[in-house]
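Just so you know, all these numbers are worked out from the coordinates, no wet-lab data involved. Just so you know, these numbers come straight off a predicted model, no measurement behind them. As a convention, Cβ positions derive from the backbone with ideal geometry for all residues, glycine included, and neighbour counts pool all protein chains shown.
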Amino acid sequence: MDHSEAVDILLVEDNPQDAELTIRALKKHNLANRLIAVEDGAEALDFILCRGKYEDRSLSNPPKVVLLDLKLPKVSGLEVLRALRENEATRTIPVVIVTSSREDPDIKDRL
């Protein structure tokens, strides 16, 4: 996918099987015509904030929604969510937490 292409959905998931399951479910319901998947929180922030290998993207074209796992390498899902909410340019991007975590702090943590 060309990194400058419009993206409707950003999937942030480090487990390849979970990512594939999510992608297949979205495609089955025709919801994933424009989707990009990244494997860690640092890459998600780079994509959304148009930096690093995604510097050719425009901040004026954010994802329509972010599907965000909580347990991610490099930068956790909660840290990604906090960074998005603290940034004026990204705070209105809808974020859906997708996780299989049953750990009490993950369930109770609120932003």
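Here are some notes:
- GluC sites (Glu not before Pro) restricted to DSSP loop in the stretch 15-62 with at most 12 other C-beta within 10 Å: E55
- You can think of it this way: the chain between A25 and K71 has 14.5 nm of extra reach, that is 0.36 nm per residue less the Cα-Cα gap.
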